[in-house]
Structures are given as structure tokens and as C-alpha cells.
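> Let me give you the structure first, and then I'll get to my questions.
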Amino acid sequence: MLRPIDLTIERHIRASLATVWDCITRPDLIARWFFATDFKPIVGHRFTIVGEAVAGWRGWTNVEVLELSPPHRMVWSFDCTDAAPPGRVSFRLEEVDDGVRLRLSHEGGAPAPTRQLLDEGWSVYLGQLADLARHRAG
Amino acid sequence: MARVSLVGDVFGAIADPTRRLLLERLDGKEQSVGALTAGSGLTTAAISLHLQLLLKAGLVRRRVAGRHRLYRLDPTPLREITDWTTALTGFWEERLDELQELAEKIDASADRPDD
């Protein structure tokens with residue numbers, strides 16, 4: 001099924017698998033790249049991230065750990081907007097020659113206007129529209 | 001509120017290449033129908049019709065100045081559609097930059113006996 005938002009970002013990290021896994025599952029390390037949270041590496045655990053509201057984010061997100069397969073895979077339910085059902089964020093780690101390949105995916109929920117735009121195949125124009133909108137902002 | 005019901009109009013409006021061109025020409029510059037028609041290869045009536053659709057979608061605003069009607073771009077409906085996607089991508093890119101830096105720093109210092 002084609003999802004409205006299917007964002008995947010891939011990173012090649014020159015560090016060990018154990019270190020990268022620690023960084024995404026230990027609260028003291030999560031706080032250093034993401035947010036200070038009461039994260040626990042337990043399926044079903046819920047936590048909230050709170051920050052300053054910006055365009056596109058209301059300032060808080062409810063997260064639930066859905067899947068956990070150390071040290072390769074973790075999936076969160078990610079409820080970051082009132083305008084769409086919760087999305088799914090997954091972290092996939094794969095050991096490569098000189099480090100780790102990290103793939104982060106954010107799938108699922110998008111506010112209705114964005115969803116409709118993407119459904120109708122307008123993703124090609126998203127960048128152009130964003131430029132146009134930004135240019136005339138204010 | 002009312003804007004939500006206009007979403008369909010916004011897609012219809014930007015679906016047409018002539019209207020996208022008109023939006024670009026109205027970006028930052030107020031123009032009359034006459035000025036927009038000149039060099040477009042279209043008739044005044046055709047341009048007016050496109051402008052009506054853009055008005056209905058909330059993408060342009062009209063102002064009467066003497067005998068002229070002047071049009072300009074209003075990007076608000078576009079911003080509502082695009083902001084969320086671009087913001088989300090930017091958010092994760094920034095967070096992953098930090099994550100990468102952190103993980104590499106931890107292992108680099110662990111590898112060095114002096115640290």
C-alpha cells in the first residue's frame with residue numbers, strides 16, 4: 001500500500017553497532033542527539049517528547065515502543081500532529097565494513113492537505129511550492 | 001476552517017501549467033490582466049478565467065486600483081500543504097546529524113588510549 005508519507009533517511013556512521021544501538025536506546029545518550037525523555041527499551045513503553053512548537057510541529061509528540069530487536073531494529077509509534085493518525089518511525093541498523101548503516105523511516109500519518117497532495121502525485125512540486133511559499137512568507 | 005474546504009481547489013489550480021506560470025509571475029509583483037496577457041500567447045478572456053480559478057483557490061488576491069484590477073500571489077494555501085513535509089524531513093536530518101556525530105565521537109575517544 002502506498003503510504004502518504006514515506007520518508008527514509010540513510011546514514012553511514014563510522015562507529016560500532018553496539019555504540020549506535022546504545023545511542024538510540026540509552027536515555028542519557030538519546031538526550032544528546034534527540035530529546036531528554038524517560039525512554040525505556042521495553043515494547044509497550046510510552047514516552048513524550050516536548051520541545052518548542054515550530055511550523056509543522058505542535059511542540060509535543062507521544063511515542064510508544066512498538067518493536068525492539070537488539071541491536072538491529074526498533075520501531076516507534078509517533079504521534080506528532082492532531083491532523084493525522086500516528087505515524088511509524090523505524091530505526092534499522094546494519095553492520096558494514098567500517099561502521100554501521102542506519103536507516104530511519106517515518107511512514108504514515110500526514111495532515112489531510114499534505115496527504116491529498118501526495119495522493120494526487122504532486123510530490124514533484126512540493127519543493128517548488130515550498131520555495132514559492134517561503135519566498136513570499138510574511 | 002474555510003481554507004480546508006478549498007484544498008481541492010488548490011490542487012486543481014496548480015494542476016495547470018499556465019496557472020503555475022501565472023503564480024510565478026505574480027510572485028512578489030502585482031499585475032493587471034493586461035500585463036499578464038501580454039506575451040502569454042493567450043487571450044485576455046482566457047487569462048481572466050485562469051485568474052478566477054486562482055482567486056477561488058485563495059492563491060491570488062485582487063485589488064481594484066482606479067480602472068485596473070491588480071492581482072498578486074497569496075502563498076498561504078501552498079504553505080499549509082508543504083510546510084509539514086519539509087519540516088519533518090528537516091527535523092530528522094538535523095537529529096541524525098547529531099546522532100552520527102555522537103556515535104562517532106564515542107568510538108573515536110574509546111579507540112584512543114590517551115583519552
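The values are calculated or read from the model by the stated rules, or taken from the named source; none is laboratory data. Computed from a prediction, not measured in an experiment: that's the story for all the values here. Cβ sites come from the backbone with ideal geometry, for glycine too, and all protein chains shown count toward neighbours.
> Report whether or not B:G34 is out of contact with any Ser or Thr (no Cβ under 8 Å at 6 or more places or on another chain) and either under 30 Å from A:F34 (Cβ atoms) or among the small types (G, A, S) (or both).
No.
> Name the single residue that is farthest from B:R95 (Cα to Cα) among those in the stretch A:35-91 being of a type in the set (G, A, S), more than 12 Å from chain B (Cβ to nearest Cβ) and assigned to a loop (DSSP other than H, G, I, E, B).
Among residues in the stretch A:35-91 that are of a type in the set (G, A, S), more than 12 Å from chain B (Cβ to nearest Cβ) and assigned to a loop (DSSP other than H, G, I, E, B), the one farthest from B:R95 (Cα to Cα) is A:G44.
> Would you pick out the residues in the stretch B:60-84 that are within 26 Å of B:G12 (Cβ to Cβ), of a type outside the set (K, R) and touching a strand residue (DSSP E or B) at 6+ places or on another chain (Cβ under 7 Å)?
Result: B:V60, B:L70, B:Y71, B:L73, B:D74.
> Further question on the same structure: Can you pull out every residue in the stretch A:7-23 that is more than 7 Å from chain B (Cβ to nearest Cβ) and in contact with a helix residue (DSSP H, G or I) (Cβ under 8 Å, 6 or more places away or on another chain)?
Hit for the stretch A:7-23 is A:D22, nothing else.
> Please go through the stretch A:69-91 and give me each residue that is farther than 16 Å from A:G108 by Cα and buried (at least 17 other Cβ atoms within 10 Å of the Cβ), ordered by number.
Answer for the stretch A:69-91, where residues must be farther than 16 Å from A:G108 by Cα and buried (at least 17 other Cβ atoms within 10 Å of the Cβ): A:P71, A:M74.
> Ok, one more. Take the residues in the stretch B:37-80 that are out of contact with any Ser or Thr (no Cβ under 6 Å at 6 or more places or on another chain) and of a type in the set (V, I, T); name whichever of them is farthest from A:V50 (Cα to Cα).
Result: B:T43.
> Quick one: count up the residues across the stretch B:42-73 that are out of contact with any helix residue (DSSP H, G or I) (no Cβ under 6 Å at 6 or more places or on another chain) and assigned to a helix (DSSP H, G or I).
Number satisfying all stated conditions: 6.
> Also, quick follow-up: Can you find even one residue in the stretch A:76-83 that is in contact with a helix residue (DSSP H, G or I) (Cβ under 6 Å, 6 or more places away or on another chain) and at pLDDT 90 or above?
No, there is no match, as no residue in the stretch A:76-83 is in contact with a helix residue (DSSP H, G or I) (Cβ under 6 Å, 6 or more places away or on another chain) and at pLDDT 90 or above.
> From the list B:E101, B:E93, which one is of a type outside the set (S, T, Y), closer than 30 Å to A:I9 by Cβ and more than 7 Å from every other protein chain (Cβ to nearest Cβ)?
B:E101
> Can you report the number of residues in the stretch B:57-77 which are of a type in the set (A, V, I, L, M) and within 18 Å of the chain's Cα centre (by Cα)?
4
> Related question: How about the stretch A:80-90: which of its residues are touching a residue at least 24 places away in the same chain (Cβ under 8 Å) and not hydrophobic (A, V, I, L, M, F, W, C)?
Answer for the stretch A:80-90, where residues must be touching a residue at least 24 places away in the same chain (Cβ under 8 Å) and not hydrophobic (A, V, I, L, M, F, W, C): A:T81, A:D82, A:P85, A:P86, A:G87.
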